[in-house]
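Let me begin by presenting the structure, written as structure tokens, before commenting on it.
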Amino acid sequence: MVHKIKMKKKKVTFVEKILFLSLVLTLILPLATAGVGVKWSKESSLVSENSKVCMSYDVYNPWPQDTYATISLSPELMEIIDYIGSDIVFLPNETSSTNAIPVEFCFKTPKVYEKDCWVGDVFFCKQDCLEEMKTYEGEVLVMETSPDQSSQSAQGSATKMSVSAPLRIRVQCEAQNRNFSALYVLVGLIALILLIINLVKNKKSKQNKKIKKKK
């Protein structure tokens, strides 16, 4: 009896595997006529804060149908940067990885390091860069799309094929001494105003003296 029970369990497990593989093949085969692949040379980028950055990845289409591709960023990176956009490129069928086509995308890094300012967040500021460099990790998403679809709408589509590449963004802090140029300008303006007032007073005083002499 024990031997028969074991045989039944093996048969059920085998049938389940066959059914599962059949289901997977059923889902994958309709998508196997078109798609995208990606090549990249680096997984990390050192950028300045509060600046526009553009990068390029190589994409290809080894499948028998033509398609289009665009690039977006994973939610982890979209939360901390302002995404600007990507090119949409045409990928002819059977484009190999050796003939991959470059796609450029751009984003803007945030202001991540605090400044020591005397007035607001703008005037008489300095930045020592004593804290550890901020690093953000996520993925670059290369997605199959249509020529009239933006990269943002392509990202939200569940029917498109996509591949990803890891990306680590390191935001560099740039040291800055306290800037007194605004103070110098303010002092100069005050001095100029006082000088003009003094000249006007002297001119009026001279005119008054001349009038008195004529009388």
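Every number here is computed from the coordinates shown, using simple stated rules; none is lab data. These numbers come from a predicted model, not from an experiment. Neighbour counts are summed over all protein chains in view; Cβ atoms, including those assigned to glycine, are modelled from backbone coordinates with ideal geometry.
Computed values, structure above
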read-out	value
Mean Cβ neighbour count within 10 Å, used as a protection proxy, ranking 52-58, 35-41, 64-70 highest first	64-70, 35-41, 52-58
Rg(Cα)/(2.2 N^0.38 Å) for the range 34-202, N = residue count	1.57
Lys, Arg +1 and Asp, Glu -1 on Cβ, resulting dipole of the range 70-114 about Cα centre, debye, nearest 20	80 debye
Net +/- balance of residues flanking residue 60 in space, Cβ distance below 13 Å, scoring K and R +1, D and E -1	-3
Positive-pole candidate from 54, 118, 198, dipole of the range 34-202, charges at beta carbon	198
Extreme residue, positive dipole direction of the range 34-202, given options 69, 187, 130 (C-beta unit charges)	187
